[in-house]
Amino acid sequence: MYLKTIFLQNFKNYKDISIGFSKNVNCIYGLNGAGKTNILDAIHYLSFTKSFFSYSDKKNINFSNDLGYFTLKGVYVHDQEDAELSIRCAYDQKEKHFWLNEKKYKKFSSHIGRVPLVFISPSDIQLVEGGSESRRKFMDLIISQKNKTYLNALVKYHKTLAQRNALLKESFRKNIDDALFEIFDDQLKEWGDVIRKEREQFLKAFTSKVEEYYRIISKEKETIALEYQQSNLELKKNFQIDLRRGFTTSGVHRDDIVFLMHQKSLKAYASEGQKKSFVIALRLAQLNVIKEALGISPILLLDDIFDRIDQHRAQVLLHTVSNQIDSQVFISHTDGKKLKEVFNAQTNVHFYKVEKQNVVKTHAS
């Protein structure tokens, strides 16, 4: 599966533009603020029905006009079938719509996994340095793309969790509806058991893939590990605490992954280069898992790839994705010359310069 052409209208800094891409490696370069990352975000949007960077669809509307909407369209080609797939999104201040081959989706979740994608971004460092929420989302995103049962359980769990939290806030100064809480607690346990089981199975297979890619990128011999850390699921036992705080304090929505290096906290003891290499290994392992599950090579996006990583590691990474990974790849960076030097006349690499809300294909190396 690869993206043949993308159309952006009133999306972020682009008013109206179409771009055709190579099925191999596409390097997008230009000055900071030119709109390189916005192109990657549009590609992400068409895979996941949302921005990688913003929860608010409204913030993605081009600020220089008063039309109040944006549209995106991608034309994809399936390698094996040579068939085109059209995905379109429109947002008009009030509502978002999504179409596949001009057939409108009733539920956005039905689209997840249709065009698998992995995004490597400087913000990925938060997978190591940030809170547990980012690591749970990382797991959920991978498993949801390959397992619809898991996605269904996740949606139902969070819907029930929101209802229980709303009732907790209402019940703090009112009569407590024990029967309704019992229903919510049973549902959270049912869906939570499904989620936790799938997460634990996923991590067992996933860890070895992370180790393999870490060794390739870093050329180091550190021993790394990923461990699943459960919060308790004692909803009844913690009820009075939940009531006082106004939210559910235990459950799979509080679970975490612990990253270790030589059995110590990677967050506390690893260098900047080791952390960056580790999160890139996480993303490449993610790509591998999704490909095995779906039989489709996910599109790979690499934003500002030289951030927090030395020239040698960056070169190893770029040669790995261009020669060993069977995916369409998009790479953004400010320095086109540097990218061309790294790829050193590889025939499968194409370059695009972003300038003044326009994108020009310069040449293939």
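Laid out as a table, the results:
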read-out	value
Within the chain, helix-based [θ] at 222 nm, where runs of 4 or more DSSP H residues each add -39,500 (n - 2.57), nearest 500	-13500 deg cm²/dmol
Diffusion constant of segment 2-52 at 20 °C, which comes from Stokes-Einstein with the Kirkwood Cα-pair radius and 1.002 mPa s, µm²/s	184
Qualifying GluC sites (Glu not before Pro) for segment 27-127 [loop in DSSP, other Cβ within 10 Å: at most 16]	81, 95, 102
log10 of Debye I(q)/I(0), alpha-carbon scatterers only, for segment 127-295 at 0.13, 0.19 Å⁻¹	-0.70, -1.14
Between 0 and 90°, nearest 10: helix 272-294 axis offset from the chain longest Cα axis	80
Relative contact order for the chain, counting Cα pairs under 8 Å that sit 6 or more residues apart, in percent	24
In degrees, nearest ten, helix 178-218 long axis to first principal axis of the chain (Cα)	30
For the chain, built as a Gaussian network whose Cα springs stay under 10 Å, the top-fluctuating residue of 86, 132, 123	123
Relative contact order [Cα under 8 Å, 6+ residues apart], segment 127-295, whole percent	31
Sites residue 106 and residue 355 - FRET efficiency at Förster radius 35 Å, r taken between beta-carbons, to 0.05	0.30
Angle in degrees between helix 311-323 and the longest Cα principal axis of the chain, rounded to the nearest 10	90
Gaussian network model of the chain, Cα within-10 Å springs - most flexible of 312, 350, 253	312
FRET E, pair residue 165, residue 258, Förster distance 25 Å, beta-carbon r, rounded to 0.05	0.45
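Bear in mind that the values in this text are calculations on the coordinates, not laboratory data. All figures in this text were calculated on a predicted structure; none of them were measured in a lab. Backbone-built Cβ (ideal geometry, glycine too); neighbour counts: all protein chains shown.
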